[in-house]
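To start, the structure under review is shown below, and the notes come after it.
The values are calculated or read from the model by the stated rules, or taken from the named source; none is laboratory data. A quick note: this is a predicted structure, and the numbers were derived from the prediction, not measured. Positions of Cβ are generated from backbone atoms using ideal geometry, with glycine treated the same way; all protein chains shown enter the neighbour counts. What goes into the accessible areas is simple: the full protein's heavy atoms, side chains included, and nothing from ligands, DNA or RNA. Shrake-Rupley method; radii C 1.70, N 1.55, O 1.52, S 1.80 Å.
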Amino acid sequence: MTNTRDDVDSVEIQEWLEALASVLEYEGPDRARFIIEQLITNASHSGVKMAGTAAITTPYCNTIPVDQQPVYPGDLELEKRIEAINRWNAIGMVLRAKKNAGGVGGHLSSYASIATLYEVGLNHFFHGATQDTPGDLVYFQGHSAEGNYARAFLEGRLSEKNLINFRQEVNGEGVSSYPHPWLMPTFWQFATVSLGLGALQAIYQARFLKYLENRKLIAANDRKVWLFCGDGEMDEPESIAGLSLAVREELDNIIYIVNCNLQRLDGLVRGNSKVIQELERLFHGAGWNVIKVLWDSKWDALFAKDKKGLLVKRLNECVDGDLQNAYVRGGAYTREFLCGDNAELQALFADLSDADIAQLNRGGHDSLKIYAAYAAAAKHKGQPTAILVQSVKGYGLGAGAESRNVAHNQLEMTEAELKAFHERFKLPFANDNLESLSFYKPAENSPELQYLHAQRKKLQGYLPARQSISHPLTTPDLAAFDTVLQGTGDRTMSTTMVLGRIFNVLLKDPNISSRIVPIFSDEVRTFGLEGLFRQIGIYSHVGQLYLPEDKEQLLYYRESQDGQVLEEGITEAGCMASWIAAATSYATHHVPMIPFFTYYSMFGFQRVGDFIWAAADMRARGFLIGATAGRTTLEGEGLQHQDGSSLLAAACVPNCRAYDPAFGYEMAVIIQHGLREMYQQEHDVFYYITAMNEKYVQPAMPKEIEEGIIKGMYLFKVANTGKLKVQLLGGGAILREVIAAAELLETDFGVTADIWSVTSFNELRREGIGLQREHMFAPETTQKQSYLQQCLQDHAGPVIAATDYIRSYADQIRPFISRSYTVLGTDGFGRSDTRERLRHFFEVDRYHIVVAALYALAKEDALPASKVTAALKKYNIDPEKPNPVTV
C-alpha cells in the first residue's frame, strides 16, 4: 500500500517497493526485516525522524500471511462440535443459575468471544502437568470461567450437579463465580478476576520460571506462560506495568493474548480510535514481538484481490465505533460503509451478496488463524510475544447482544435467541427442549469425547488444574536462632537488623538455604540488609556485564545469573507478583520456595492490598515483612510514609497471620514457627511481620514464652505488690514506652503494673471470635476461657493498651475483656518529626500511658481524679492541645 502524500517522485518510491518485493520473494521475510532495521537505524543516526507511529504500527490486517500459515493438525469439524457444546453448557449454567437460584448472575458475553481462543490452545498447545512434570501456566480470563467449567464437565472432571450449582458454593456442591484457588484448590491455579492482576502476575511468573532455571532448582524446559486478558483490561496500570521487564529479561516463555472484542462493560474500549493499533504501538514500543489476528479466512480472497491495498487503507481509516456499528447492522450496511462511492472497492465486493458480507468475521473465531498465531508465538525466541486478537463480544448470543454495548450485561436469552443459537452452532440435540436448558454431554465413546481426551492426553493432562504435591521441608529448630535469642547485651539494634541476623541463619541452613527468596522493591541499604548483595547476589539473567563502582567495598552491588535476591526496582506491585510466584511455587513448580518481601510497611497492604488478597486466594505461603513499621518509628518521613493501619488491614485476610514484634527474640520465634507451619506442616497461610528501624538494646528471651508469642501475648514483667494495680499491654514500637510508663506509675504515683507484650492483637481476636461462635452454638456446655482471658484472670486492675497503630487495631479484643479497657493509638495523619515528639503528639508516649492508667483507676474510684490532673501538669501535657485525629 503506497501513501503518495507529499510524494514528489512516485517512480523512485515504486523502485524501492519493487526492491523490497524482490527481497521478500527470493530471500524471505527475515532478510527483508534485517534490511529494513538497518535502514531505520542508519536513518535515525543521520537525524531522520520517523513520522508518527510508522515504525511501530502495522496495517490493520493479519500479521501472518496466508501462505505462511501452517497446516492445521486437528479435526476442525470435531473441534467445532466440541466448542459448540461448551458454548451451550456455559450458557445453560448462567441462565439456570439466574432462573433457579434467585438471580445469582453470571456472564455470557466474555466466554462467547474467547471460546475459540481457548479451544485451539486446549486442543493443541497448553501442556498439562504430570506427577513429575509441571505443565504450562495458563492465566485464564476471570470472567470466562463458565467456559472452563463447561469443558471440565465434558472431560468428566466436574459433575452436572457442579454445573447446576454454579455460583452456589455454600452447600459444597457448587463452583465459584471466577477463578478462586482457595475455593477450588484442585482446579484453579491463579486468581485472575481482579482486572490487571493476572497480567502482571503472569509476566513475573515467567521471569520466576527463568530464575528457578538459572539457579538450577528446576531443569531448563520449554514451559510457557499463557495469559488471556481483555482489551478493556489493558487500561489497568498493572496490565502494562511489566512490559519492559519482559523484554529486558528476554522472556520468550510468555505469550500475552489480548482478546480485543472492542468493548468493555458499558461500551466501546476506544470508540473514537483503534484499540488494537494503540496496543500494537504499546507492545512494539516496549520491544515485544506482536502478532495481530484481525480477520478470519473468509477475508483472505478479498485481500488477495486488493492489489492496490485499498481495502486495508479503508480499514486503517475507520475507528472501532465504525467496526462495531457495521457488524451490528449487517451485510448491506457494511458494503456501503466500506465501499462508499469508491468504484474500485465496490468492484472488490461485487461478487459477494449482502449475506456473504455479513459472514465476513473476525479472526478471534477462526481456528486456522489462531493456530497460526499460537504456533508462531510458541516458536519465537528472544522476545515475549503479544497476540492481539479481534473478536466479537457476545458472539453467537443473538442480535440483542452480539457486538452491542449491552452485551456484558446480558443475563437472559429468549426462546427465539436460543433456537437461533441452536441452529447457528448446529447443536447435536433437538431444539424442542431448549427451554429446559438441559446440559448436554455426548456418550463417552462418541467421536467428540474420544477426540477431546486424546488431544489432552497428547498434552499430558487437563487444564485448568492445580497440583499441590506434598514436599515438606525440614525447617530449623528454634535453637538455630540462639544468637538472636540471647539478645545484644549493651549493643543497640533495630528489629530490621535482627532480620538480617535471621537471614544469616536461614542462608546457612543446609535444608532450606537454597529456597530462601529475599525480595525488595529497593532500599535494601535503607533496611541495613545490603550484606545480602555479597552473600548471595542479586539475580540477573545475564549476570553482571559491568564493573560496579563499589567493587572494592566489602558489600558491593553484586549481580549474578544464579543470584538469589530479587531486587525489582521501585515497584511494590512487581515485587508482590514475584512474591506470589515464589509463594505458590510449591504448587505451580512442585518446588517449595520461601519468599521474604521486605518493604516500607505503608506501601504494603495500603498500596498493593489487592495483590495480597489474590495471594491469599491462591494459598500463598511466605513472609511479608513490613519494615519501618508504625506511625512514629520512621523519623522525618511524614504523612505518606508512616503506617498506622497495616496490621488492621492484615486482620481482614483470613489466612494471614500478622505479628508486631518489639524484640528480636519475638521475631525469631515467629519466623521459626512460620517456617514450620508453612513448609513442614504445609498449611496454606502466610505471615505478615512488622520490623522497625529504631535501635535499642535487644533483651535475651525469657523462659517459656514461645507459646505466648505465637498466640499473641505473654507476660513480660510481673508488677511489684501494691494496692493499686493496672495491666499495661503494648506491642512493637510502643512496648518500650509501656515499660517506661510502668516505672513512672510506680515511682510517681505508687501504682504497680504488669506488663504484657502483645505480639498480635489479630491472633487474640481470631481465637476469641472462634470461642464466641463455639459458645453460641453450644450454649448449655461449659464456657471455655479464651487465651486472653486466661492470661488476665489472675491479674487485677483496669487494662490499658498502647500501640503505634490506630486504636481499632488494639480495640479488636475489647469484647473479650470483662473489665475497664482503655486503648491508645495513632489515629490521624502522620507528620515529620522526631520519634519523641511524634509519640507525644499522637498521645502514645509513656506520659500519656500513665495518664490513661490513672484515669482508668479514677473511673473505678480507686484514686481521686485530682491525681490525673496532677499527672497532666507534671508531664506538661496541655489539655487544650489539638486532637491528633482532626489535625
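Between the helical axis of 572-583 and the dominant principal axis of the chain, each derived from Cα atoms, what acute angle in degrees is found, rounded to the nearest 10? So the inclination is approximately 90 degrees. Beta-bridge orientation, the chain: approximately 10 percent antiparallel, per DSSP, counting only bridges with both partners inside.
Using the Cβ-Cβ distance between GLN783 and LYS457 with R0 set to 45 Å, the FRET efficiency works out to roughly 0.20. Label-to-label distance, SER832 versus LYS881, with points set 7 angstrom from Cα along the beta-carbon direction: 2.1 nm. Whole-percent P(r), segment 529-572, all Cα pairs, 10 Å bins from 0: 31, 56, 13, 0.
Annotation: MET701 carries an accessible surface of approximately 40 Å², with a 1.4 Å probe and no ligand, DNA or RNA atoms counted. When both segment 165-224 and segment 237-270 are represented by their alpha-carbon centers, they are found 17 Å apart. So how far, in whole Å, is the C-alpha centre of segment 463-488 from the one of segment 574-598? Their Cα centres are 14 Å away from one another. Taking a straight Cα-Cα cut-off under 21 Å and skipping sequence neighbours fewer than 8 places away in the same chain, the lysines within cross-link reach of LYS867 are LYS723, LYS725, LYS859, LYS881. The calculated 222 nm mean residue ellipticity attributable to helices in the chain amounts to -12000 deg cm²/dmol, summing -39500 (n - 2.57) over DSSP H runs of n ≥ 4 and dividing by all residues. With the charge dipole of the chain set up from +1 on Lys and Arg Cβ and -1 on Asp and Glu Cβ about the Cα centre, the Cα lying farthest toward the positive end among the listed residues CYS652, TYR665, ALA577 is that of TYR665. With a threshold of 19 Å on the Cα-Cα distance, the over-threshold entries among LYS224/LYS441; LYS161/LYS457; LYS210/LYS381; LYS80/LYS369 are LYS224/LYS441; LYS161/LYS457.
Shown for segment 100-170: the carbon plus sulfur share of the solvent-accessible area, taken with all protein chains present and a 1.4 angstrom probe, equals 46%. For segment 469-537, carbon and sulfur atoms together expose 45% of the accessible surface, with a 1.4 angstrom probe and every protein chain in place. When the label point is put 7 Å from the Cα of THR492 along its Cα-to-beta-carbon vector, which residues of segment 819-840 have a backbone N closer than 18 Å? Of the residues in segment 819-840, 833-840 have backbone N under 18 Å from the label point off THR492.
If you put +1 on each Lys and Arg Cβ and -1 on each Asp and Glu Cβ, how big is the dipole of segment 731-887 around its Cα centre, in Debye rounded to 20? In debye, rounded to 20, segment 731-887 gives about 260. Distance between the modelled labels on ASN445 and ALA343, one decimal in nanometres: 6.6 nm (7 Å Cα→Cβ projection). Of the trypsin sites (Lys or Arg not before Pro) found in segment 582-670, no site is in coil according to DSSP while having at most 12 other Cβ atoms within 10 Å of its Cβ. Based on protein heavy atoms only, the chain ends up with 41 Å² per residue of surface accessible to a 1.4 Å probe.
Among the trypsin sites (Lys or Arg not before Pro) in segment 755-784, those located in a DSSP loop and surrounded by at most 15 other Cβ atoms within 10 Å of their own Cβ are LYS784.
Normalising the average separation of contacting C-alpha pairs (under 8 angstrom, six or more residues apart) by the number of residues puts the relative contact order of segment 147-248 at 19 percent. The calculated FRET efficiency for ILE570 paired with VAL312, based on their beta-carbon distance and R0 = 41 Å, is about 0.45. For the set TYR847, TYR327, the ranking by accessible area, highest first and with no ligand, DNA or RNA atoms included, is TYR847, TYR327 under a 1.4 Å probe. A straight Cα-to-Cα reach below 20 Å connects LYS274 with the lysines LYS292, LYS313, LYS393, residues fewer than 8 places away in its own chain not being considered. Can you compute the FRET efficiency between SER46 and TYR556 using 1/(1 + (r/R0)^6), with r the Cβ-Cβ distance and R0 = 41 Å? Round to the nearest 0.05. The pair SER46/TYR556 has a calculated efficiency of 0.50.
Applying the criteria of a DSSP loop state and at most 11 other Cβ atoms within 10 Å to the trypsin sites (Lys or Arg not before Pro) of segment 206-283 yields LYS216. With a cut-off of 19 Å on the backbone N, the residues of segment 15-32 near the modelled label site 7 Å out from LYS381 along Cα-Cβ are 29-32. For ASP231, ASP684, the ranking by accessible surface with the largest value first comes to ASP684, ASP231, using a 1.4 Å probe. Once all protein chains are placed together, THR474 keeps about 90 Å² accessible to a 1.4 angstrom probe. Once C-alpha pairs closer than 8 Å and six or more residues apart are averaged by separation and normalised to the residue number of segment 739-887, the relative contact order reads 20 percent. Charge tally around LEU434: other residues with Cβ under 11 Å, Lys/Arg +1 each, Asp/Glu -1 each, net -4. Taking 19 Å as the straight-line reach from the Cα of LYS711, the lysines in range (excluding those fewer than 8 positions away in the same chain) are LYS703, LYS784.
Compared with the dominant principal axis of the Cα atoms in the chain, helix 320-329 is inclined by about 60°. Only Cα pairs under 8 Å and 6+ residues apart enter the sum, and on that basis the relative contact order of the chain stands at 11 percent.
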